[in-house]
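A short worksheet on the structure shown next.
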Amino acid sequence: MIQGHGRAAGTLSESEIREIIAGSLLAADFAGKKVLVLTPDTTRTCPLPLMIRCLGEHLNGIAACLDFMVALGTHTPLAMERILSLYGISQQERQERWAYSQFLNHRWDLPDTLRRVGWIEQQEIEGLSEGRLSERVPVDINRAIFDYDLILVLGPVFPHEVVGYSGGAKYLFPGISGGEFLHAFHWLGAVVTCPGTIGIKHTPVREMINRAMRFIDVPVHCLAMVVKSASELYGLYGGDCREAWSQAADLSEQVHVVIKDKPYHTVFGVCPPMYDEIWTGGKVMYKLEQVVADGGRLIIYAPHITEVSRTWGTYMERIGYHVRDYFLADPGRFGDIPRGVLAHSTHVRGLGRMEGGVERPRIEVILASAIPPETCARINLGYLDPATLNPDDYRNREAEGILFVEKAGEILHRLRTPILGS
């Protein structure tokens, strides 16, 4: 049974949060248990310090241990100082209140941290992917979870380009997984396309993740948040992982989706500092692509970004950014490129097609960042010098066909008659 509630306008009070935590994380279920809490990294907005504090006050003294792991997916590991800052824990509190807790990164990049828990067979992959993939896929997960009696997912739910809505089981796959399964379902999301996936609750990728969860024999609970800012918690749902996520996704659709009646020839998206590379800053494109008119342009304004990806940058420099059909036209050419990289490439470049061997993107994607123009040209993106741009010049001009979006990357913008992925 799920405990929790939310509202599309107005925030939960701390007393409501504590009541939901107490009602969904029953002492009888956690008493004497070793608990691992999975949390987001710095690329997700939520009141994590408040939630960590309330969770600690509720479970410390009940659970045998309460450890935390940042579910990085393939993002860059955080130094201990950044983990503690993310959780709102001072050094003194670390030594006093949290002396018996471990604070961990998921190290997807170290093979010894992973355990193969099973395979999804080819016939089942064909069914889950609705015929888009035909292969046998292994499923790996961070082996540390098997040292615990219970896993608690603590994270927000937003529209998401790969899985439809983030959160829930996604904190295990890809949050603390790795290997071929991760790349397979990211590529599946790319084949479906971002507009065909983002903000849709039931997607082929979500079904693949739910299937992989059946290999995990450690009980998984969830506290799913719906937020508007780091201090505004609109909803909180606790209990069974799948159902808590489902109720949070329903509220996220009300909170995080903006409907526009017409497209814009220019969309100016301000990339917030929490996205410090194009690998994550591409979310500006994911959330705004659908309201750019055919032949229009999207400007990702990110003067603070200096690189494409710390982890995958070498691959991206090799292949650049392209529409999905560019890769489908000659798949053998990219056999040595991780499919998660191909997925990122086509998600950022957006919808388009191939005509007579020529790539025809639907819109122009322009970086206004510290990445130099020659690099932008090499990776097939446009360039504007951010020093020459005044964001205020783009504000309040919707009547002229120009949309300005502050802190882009979390709120999905779509048309009343949506652009469909193909």
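Residues of segment 396-412 include at least one that is crowded, with 21+ Cβ neighbours inside 10 Å and closer than 20 Å to Gly313 by Cβ. Every listed requirement among (1) in contact with a strand residue (DSSP E or B) (Cβ under 9 Å, 6 or more places away or on another chain); (2) touching a residue at least 60 places away in the same chain (Cβ under 8 Å); (3) surrounded by fewer than 22 Cβ atoms within 10 Å (Cβ to Cβ) is met by Gly352 save one, (2). For segment 258-293, a tally of residues being of a type in the set (S, T, N, Q) and either assigned to a strand (DSSP E or B) or at positive phi (or both) returns 1. The set of residues in segment 364-375 that are buried (at least 22 other Cβ atoms within 10 Å of the Cβ) and of a type outside the set (Gly, Ala, Ser) comprises Val365, Leu367. Of the helices (runs of 4 or more DSSP H) lying entirely inside segment 39-124, those containing at least 1 residues that are modelled with pLDDT of 90 or more, buried (at least 21 other Cβ atoms within 10 Å of the Cβ) and not basic (Lys, Arg) span 48-59, 80-87.
Filtered by the rule that a residue be modelled with pLDDT of 95 or more, assigned to a strand (DSSP E or B) and surrounded by fewer than 22 Cβ atoms within 10 Å (Cβ to Cβ), segment 209-235 gives Val220, His221.
Tallying residues that are under 28 Å from Ile200 (Cα atoms), of a type in the set (Phe, Trp, Tyr) and surrounded by fewer than 21 Cβ atoms within 10 Å (Cβ to Cβ) within segment 281-329 yields 1.
Does Leu133 satisfy being modelled with pLDDT of 95 or more and in contact with a Leu (Cβ under 8 Å, 6 or more places away or on another chain)? So Leu133 fails the test. Among residues of segment 303-316 that are farther than 21 Å from Arg333 by Cβ, those with a Cβ under 9 angstrom from a residue that is exposed (fewer than 15 other Cβ atoms within 10 Å of the Cβ) and at pLDDT below 95, sequence gap 6+ or separate chain, pair up as Thr311/Asp109.
This table checks each residue for (1) out of contact with any helix residue (DSSP H, G or I) (no Cβ under 7 Å at 6 or more places or on another chain); (2) under 26 Å from Glu121 (Cβ atoms).
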{"residue": "Ile141", "(1), (2)": "yes, yes"}
{"residue": "Val153", "(1), (2)": "no, no"}
{"residue": "Val157", "(1), (2)": "no, no"}
{"residue": "Gly164", "(1), (2)": "no, yes"}
{"residue": "Gly168", "(1), (2)": "no, yes"}
{"residue": "Tyr171", "(1), (2)": "yes, yes"}
{"residue": "Leu182", "(1), (2)": "no, yes"}
{"residue": "Cys194", "(1), (2)": "no, no"}
{"residue": "Met208", "(1), (2)": "no, yes"}
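Would you be able to say whether some residue in segment 263-280 is surrounded by fewer than 24 Cβ atoms within 10 Å (Cβ to Cβ), hydrophobic (A, V, I, L, M, F, W, C) and over 23 Å from Val191 (Cβ atoms)? The answer is yes, given that some residue of segment 263-280 is surrounded by fewer than 24 Cβ atoms within 10 Å (Cβ to Cβ), hydrophobic (A, V, I, L, M, F, W, C) and over 23 Å from Val191 (Cβ atoms).
The values are calculated or read from the model by the stated rules, or taken from the named source; none is laboratory data. Bear in mind the structure is a predicted one, so any value in this text is a computation, not a measurement. Virtual Cβ from ideal backbone geometry, glycine too; neighbours counted across all protein chains shown.
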